[in-house]
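Peer 1: Here's a structure for you.
The values are calculated or read from the model by the stated rules, or taken from the named source; none is laboratory data. As the structure is a prediction and not an experimental result, all values here were calculated from the model. A quick note on method: Cβ atoms are made from the backbone with ideal geometry, for glycine too, and the neighbour counts reach across all protein chains shown. All accessible areas refer to the heavy atoms of the entire protein, side chains included, with ligands and DNA or RNA removed. Shrake-Rupley method; radii C 1.70, N 1.55, O 1.52, S 1.80 Å.
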Amino acid sequence: MWLFFAFLSAALLGFYDVFKKRSLRDNAVIPVLLLNTGICSAFFLPLMVASAGGFLPSASRYFIPLGDLSSHTYIVVKSLIVLSSWLCGYLAMKHLPLTIVGPVNATRPVMTLVGALLIFGERLNGWQWAGVTLAVVSFFLLSRSGKKEGIRFSRNRWIYFLLAAALLGSLSGLYDKYLMASVSEGGAGLNRMFVQSWYNLYQLLMMAGVYLAFRKSVRRQSFEWRWSILFISVFLTLADLSYFYALSLPGVMIALVSMVRRSSVLVSFLFGALVFREKNLREKAVDLLLVLLGMVCLYVGTLT
């Protein structure tokens, strides 16, 4: 069951990337990200108020506990990691083709895998290792495709931003596993709705601080409201709901969930080709095929 919700989260993440790219084209990054965090927080605010006021029963799956100081400290750390990843990722998305961003992001699970092996003692079988190998190979092939568009992976600063976003995103995935695991399993045992709602709220507060710190620079940049900004938040919230639910189910493997979520590249790649009319698609399609074959290997590996 957790694998189904991982794939659902992947599909939603694909549309999230599409609307993010649309919102960032010729638009200032910081206001877009501030609005995104604000809208995501607004989705959960009614549930937080209803839970705190006793209007939502604690037995409800949407009930959000207040939590103690220790729990909120965990969430503040998560918010800092995720927001740092988002800032790097949004800057990279603005300046790089979606057909490059998507496949590079698809290598995130390799970083998560190493952490899962070292921290949680997870083990993958031969099929799953094959999937990881294909993901690594696709990254190196993509770097060759990028050269034809003047994007040298070793010299382009936006590629470094993208890799930083991937590394921080992988760290967040490992941290999520710890937050969601029960205390008996060595985790924090936090409620999934508590994690998602409060980390969005803390991100909004942090992002407001970033905006105030750089407000003079932001005012010199072009910004316009687009409805795609709203859809960033909608699809991200739904993707996270599916993701956190998957992590809360017994027997879940964080390395595999993280890998499956990267299959979102299929949606973003198709939109990059058909809607944004990006270049050099034939070679990138080969890179994408390797990523998808990796996803198939991982899926087969779960059935063996």
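Peer 1: Just to be sure before I move on: is Arg22 within 30 Å of Gly187 (Cα to Cα) and either in contact (Cβ under 8 Å) with a residue 60 or more places away in the chain or outside any helix (DSSP H, G or I) (or both) in the structure I sent?
Peer 2: Judged against the criteria, Arg22 is not a match.
Peer 1: What tally of residues in the stretch 142-155 results from selecting those that are in contact (Cβ under 8 Å) with a residue 24 or more places away in the chain and surrounded by fewer than 17 Cβ atoms within 10 Å (Cβ to Cβ)?
Peer 2: Total satisfying the criteria: 3.
Here is a yes/no grid of residues against (1) modelled with pLDDT of 80 or more; (2) of a type in the set (Val, Ile, Thr); (3) out of contact with any strand residue (DSSP E or B) (no Cβ under 6 Å at 6 or more places or on another chain):
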site: Leu118; (1), (2), (3): no, no, yes
site: Gly121; (1), (2), (3): no, no, yes
site: Leu124; (1), (2), (3): no, no, yes
site: Val136; (1), (2), (3): no, yes, yes
site: Arg144; (1), (2), (3): no, no, yes
site: Ala164; (1), (2), (3): yes, no, yes
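Peer 1: Among Leu56, Leu87, which is assigned to a helix (DSSP H, G or I), among the hydrophobic types (A, V, I, L, M, F, W, C) and open to solvent by 10 Å² or more (accessible area, probe 1.4 Å)?
Peer 2: Testing whether each residue is assigned to a helix (DSSP H, G or I), among the hydrophobic types (A, V, I, L, M, F, W, C) and open to solvent by 10 Å² or more (accessible area, probe 1.4 Å) leaves just Leu87.
Peer 1: Further question: If you check Leu45 against the conditions, is it of a type in the set (A, V, I, L, M) and surrounded by fewer than 17 Cβ atoms within 10 Å (Cβ to Cβ)? Please lay out each step first, then the result.
Peer 2: Numbers: of a type in the set (A, V, I, L, M): yes; surrounded by fewer than 17 Cβ atoms within 10 Å (Cβ to Cβ): yes.
Considered against the rule, which asks whether it is of a type in the set (A, V, I, L, M) and surrounded by fewer than 17 Cβ atoms within 10 Å (Cβ to Cβ), Leu45 comes out as yes.
Peer 1: Does Phe43 satisfy being of a type outside the set (Asp, Glu) and either out of contact with any helix residue (DSSP H, G or I) (no Cβ under 8 Å at 6 or more places or on another chain) or farther than 19 Å from Gln203 by Cβ (or both)?
Peer 2: no
Peer 1: Show me the helices (runs of 4 or more DSSP H) found entirely inside the stretch 194-304 where at least 3 residues are open to solvent by 10 Å² or more (accessible area, probe 1.4 Å).
Peer 2: 215-219, 227-248, 265-274, 281-303
Peer 1: Step by step: first the residues of the stretch 4-42, then only those that are open to solvent by 30 Å² or more (accessible area, probe 1.4 Å) and of a type in the set (Gly, Ala, Ser), then the one that is farthest from Tyr90 (Cα to Cα). Which residue is that?
Peer 2: This residue is Ala42.
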